[in-house]
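Everything below concerns the one structure shown next.
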Number of protein chains: 2
Amino acid sequence: MPDTVPMNVIARLRCDFTEKFGVPRQAGLAEHVYSRVVFEPEYRNADALRGIDGFSHLWLIWGFDRVRQKTWSPTVRPPRLGGNERMGVFATRSPFRPNPVGLSCVRLVRVERDDPDGPCLLVSGADMTDGTPIFDIKPYLPYADCRPDASGGYTDLLPEKRLAVDFPDVLAEKLPGEKRAALLDILSHDPRPSYQSDPNREYGLSYGGYDVRFRVSGGTLRVFEVLAI
Amino acid sequence: MPDTVPMNVIARLRCDFTEKFGVPRQAGLAEHVYSRVVFEPEYRNADALRGIDGFSHLWLIWGFDRVRQKTWSPTVRPPRLGGNERMGVFATRSPFRPNPVGLSCVRLVRVERDDPDGPCLLVSGADMTDGTPIFDIKPYLPYADCRPDASGGYTDLLPEKRLAVDFPDVLAEKLPGEKRAALLDILSHDPRPSYQSDPNREYGLSYGGYDVRFRVSGGTLRVFEVLAI
């Protein structure tokens, strides 16, 4: 095998995140976030999905297409460590790696065989933006992939802190029900960069055609505006 | 991102399997099989491994370089189903997929920082042959990757059957201790193609410079010869 191998984009993720801001930091954290895996025309083939319905979870191997950086650095600053400690890139899931490839375990909700875009996969819990190129889809094999005895290095010491979300009904009602559930999930995971803590700072999260504006203080995120974009 | 993305080989696996015959069918099945991840010269950098020691398990994303087939088929015959039932390629971990990329969870035994080949990773449980190209190494994150509630489709119905291994001491003693443990592990997982069951058929497995010859009958694998190659 030569030193460089071409990888074909076989599918793209379709979801409500048009920007990186708000995208969950790992797969599975926001289970109410639904996405669709839409195959590229030459890979639209229902036979290739035969038997996949029996699996509850899938692996997606995908490209960090929002990474503009062309070189790699041996160390990165993981957000979970507050952004001020350096770790080796291979000890992190950072996008700034020699090959900008992501790995995500998503839940398979259902196969949509009669979609106008060809047979699609409806999945939940993806941590990717709309249009993300996908290189491979594999079943999650519990007997090989689930390792309950695994230790997670520095990630074990830092349980993800969740925010309380104050989302007034009058604003939440502007959103369709399924986007409301997704947004509560996303907002509770604190989308702010880890080094920001100004309670007066206003943030805008773009999701599914809405701009959701909020502030955060004392462990509570307060939505103060929802605008249709 | 264009429709084809180049992937660089960053490392190669070094292990005792020079041929595919005998390689475990998934990662983690043969925990006594040790391998080394040796970085390519331009990726030899101890900083890139900082903090990796805290993780017990790693993901390897790698290339099926022994696959000669240049086209892909929507369906394949998984060995676990006896080789006579077809499944969609995305419902299997078969190497015959649109992008010939493998995904393996291995145990990190230790980082070898003072190796003549540069900083290396000693891992166990890999399901790859010697020289396999590696595209990425990621930490296994229990909070995102371990899904104890996952269901494994047709693989749940088919517990891996293990063989009893009769490895006479006089033959086992020809092998160094660590290769003996690895071979007991490998042989117990039944390396034969699933459609073969002739008790008189002789098999030869090449491992770590030895040719291990055996027959299988009635749930027992009997080693009858060990030759240094």
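The values are calculated or read from the model by the stated rules, or taken from the named source; none is laboratory data. The structure displayed is predicted, hence computed values, not measured ones. All Cβ positions, even for glycine, are placed from backbone atoms using ideal geometry, and neighbour counts span all protein chains on display.
Quick grid of which residues meet (1) more than 14 Å from chain B (Cβ to nearest Cβ); (2) over 23 Å from A:E42 (Cβ atoms); (3) touching a strand residue (DSSP E or B) at 6+ places or on another chain (Cβ under 9 Å); (4) modelled with pLDDT of 95 or more:
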residue	(1), (2), (3), (4)
A:M128	no, no, yes, yes
A:T155	no, yes, yes, no
A:E178	yes, yes, yes, no
A:S188	yes, yes, yes, yes
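Restricting attention to the stretch B:28-58, and to residues there that are more than 10 Å from every other protein chain (Cβ to nearest Cβ) and in contact with a helix residue (DSSP H, G or I) (Cβ under 9 Å, 6 or more places away or on another chain), which single residue is nearest to B:A181 (Cα to Cα)?
B:H32
All but one of (1) on the phi > 0 side of the Ramachandran plot; (2) touching a strand residue (DSSP E or B) at 6+ places or on another chain (Cβ under 8 Å) hold for B:G82; state the number of the condition that does not hold.
Checking B:G82 against (1) on the phi > 0 side of the Ramachandran plot; (2) touching a strand residue (DSSP E or B) at 6+ places or on another chain (Cβ under 8 Å), the one that fails is (2).
Out of A:S151, A:S124, A:S104, A:S94, I need the residue that is within 12 Å of another protein chain (Cβ to nearest Cβ), among the hydroxyl-bearing types (S, T, Y) and closer than 13 Å to A:L60 by Cα. Which one?
None of the others qualify; the one that does is A:S104.
Identify all residues within the stretch B:211-223 that are touching a strand residue (DSSP E or B) at 6+ places or on another chain (Cβ under 6 Å) and either farther than 16 Å from B:V165 by Cα or free of Cβ contacts under 8 Å to residues at least 24 places away in the same chain (or both); write none if there are none.
B:D211, B:R213, B:R215
Output the residues belonging to the stretch B:109-121 that are surrounded by fewer than 24 Cβ atoms within 10 Å (Cβ to Cβ) and within 10 Å of chain A (Cβ to nearest Cβ).
Answer for the stretch B:109-121, where residues must be surrounded by fewer than 24 Cβ atoms within 10 Å (Cβ to Cβ) and within 10 Å of chain A (Cβ to nearest Cβ): B:V111, B:P119.
Quick one: is B:D130 in the same structural domain as B:R107 (by TED's automatic domain parsing), over 30 Å from A:D53 (Cβ atoms) and acidic (D, E)?
So B:D130 passes the test.
Looking at the stretch B:210-229 only, could you name the residues that are outside any strand (DSSP E or B) and touching a Ser or Thr at 6+ places or on another chain (Cβ under 9 Å)?
Matches in the stretch B:210-229: B:I229 only.
Please verify whether A:D53 is touching a Gly at 6+ places or on another chain (Cβ under 9 Å), surrounded by fewer than 17 Cβ atoms within 10 Å (Cβ to Cβ) and charged (D, E, K, R), treating the condition exactly as stated.
yes
Tell me which strands (runs of 3 or more DSSP E) are completely within the stretch B:113-195 and hold 1 or more residues being free of Cβ contacts under 8 Å to residues at least 60 places away in the same chain and under 20 Å from the mean Cα position of the chain (by Cα), or say none if there are none.
In the stretch B:113-195, the matching strands (runs of 3 or more DSSP E) lie at B:164-166.
With (1) within 26 Å of B:G208 (Cβ to Cβ); (2) touching a residue at least 40 places away in the same chain (Cβ under 8 Å) as the list, and B:A46 as the residue in question, which single condition is left unmet?
(1)
Would a scan of the stretch A:131-143 turn up a residue that is of a type in the set (V, I, T) and facing chain B (nearest Cβ under 9 Å)?
yes
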